[in-house]
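Chemist: Below you'll find the structure I mean.
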Amino acid sequence: MVDQLDVLIAEYQSLIATRSDTALASDRAKLLASRLESAIDRLAVPGSSYVQQLDLYRAERRVKFKIREIHSIALGLRDDLKAGWTTSVTELVHADTHSNYLEMADTLLGSGYKDPAAVITGTSLEVHIRTLCTKHGVDTELPNGAPKKADVMNADLKKAGVYNEARKKQITAWMDLRNKAAHGDYTSYDEHQTRMFIDGVRDFMLKYPA
């Protein structure tokens, strides 16, 4: 991630080295601003201060001003990534706990027990979804006080902009596999799908820490 940001930051430095106002309003500058914006969206944790700062300048039409501000955000993100300051203590604890459960699922799958592996992975996913809701201020209970089901929280997180429609659909598919495992529909999925389930949930938790 640091390497990707370094490439774009170096290109910005090359651009301003010309000391030309025209260069900072050129098509090259517009493209670089878009690439910097995309990199921050891709590499920063959704809802983080980096993304919140970026939101302030997304609609800015003055390219010279916009690229300077977005470059500053990218610099901050790059330096914090290098220093290891982008993960909170709470996120580290949750990541460690979830990692232990996924390692358990890995062991079970490796021993030929795909069904309990799928159930454990699905439970870890649901807990993570609920924790993401808490992190982003999304209600985890219905108006009557009953806890929301995973599919409802999944839809709510998408509405809140935590992740996109494609991610929401993927989580729905994962939850469907978990439900099949929990209700004894063991022939509707195989070991390969369970492996993809475990690996996919692990990647999701890394991309969207809670």
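Chemist: What number of residues in region 66-107 are open to solvent by 40 Å² or more (accessible area, probe 1.4 Å), hydrophobic (A, V, I, L, M, F, W, C), outside any loop (DSSP other than H, G, I, E, B) and modelled with pLDDT under 90?
Modeler: 6
Chemist: Let me ask something additional. With the condition kept exactly as written, say whether any residue in region 151-169 is farther than 27 Å from Leu43 by Cβ and either in contact with a helix residue (DSSP H, G or I) (Cβ under 9 Å, 6 or more places away or on another chain) or hydroxyl-bearing (Ser, Thr, Tyr) (or both).
Modeler: yes
Chemist: Out of everything in region 27-57 that is under 13 Å from the mean Cα position of the chain (by Cα) and open to solvent by 40 Å² or more (accessible area, probe 1.4 Å), what residue ends up being modelled with the highest pLDDT?
Modeler: Looking at residues that are under 13 Å from the mean Cα position of the chain (by Cα) and open to solvent by 40 Å² or more (accessible area, probe 1.4 Å), I get Asp41.
Chemist: Restricted to region 1-26, and to residues that are β-branched (Val, Ile, Thr) and over 30 Å from Thr134 (Cα atoms), which residue is surrounded by the most Cβ atoms within 10 Å (Cβ to Cβ)?
Modeler: That would be Ile9.
Chemist: In addition: Working only within region 147-167, note down all residues that are open to solvent by 50 Å² or more (accessible area, probe 1.4 Å) and either closer than 13 Å to Gly122 by Cβ or in a helix (DSSP H, G or I) (or both).
Modeler: Within region 147-167, Lys149, Asp151, Val152, Lys158, Lys159, Glu165, Ala166, Arg167 meet the criteria.
Chemist: Now, a different point. Is region 124-146 home to any residue that is in contact (Cβ under 8 Å) with a residue 40 or more places away in the chain, assigned to a loop (DSSP other than H, G, I, E, B) and buried (at least 16 other Cβ atoms within 10 Å of the Cβ)?
Modeler: Checked region 124-146: at least one residue is in contact (Cβ under 8 Å) with a residue 40 or more places away in the chain, assigned to a loop (DSSP other than H, G, I, E, B) and buried (at least 16 other Cβ atoms within 10 Å of the Cβ).
Chemist: While we're on this one: What tally of residues in region 179-195 results from selecting those that are open to solvent by 50 Å² or more (accessible area, probe 1.4 Å), part of a helix (DSSP H, G or I) and not polar (S, T, N, Q)?
Modeler: 6
The values are calculated or read from the model by the stated rules, or taken from the named source; none is laboratory data. Since the structure is predicted, the reported quantities are computational estimates derived from the model, not experimental observations. A quick note on method: Cβ atoms are made from the backbone with ideal geometry, for glycine too, and the neighbour counts reach across all protein chains shown. The accessibility values were calculated without ligands, DNA or RNA, using every heavy atom of the protein model including side chains. Shrake-Rupley method; radii C 1.70, N 1.55, O 1.52, S 1.80 Å.
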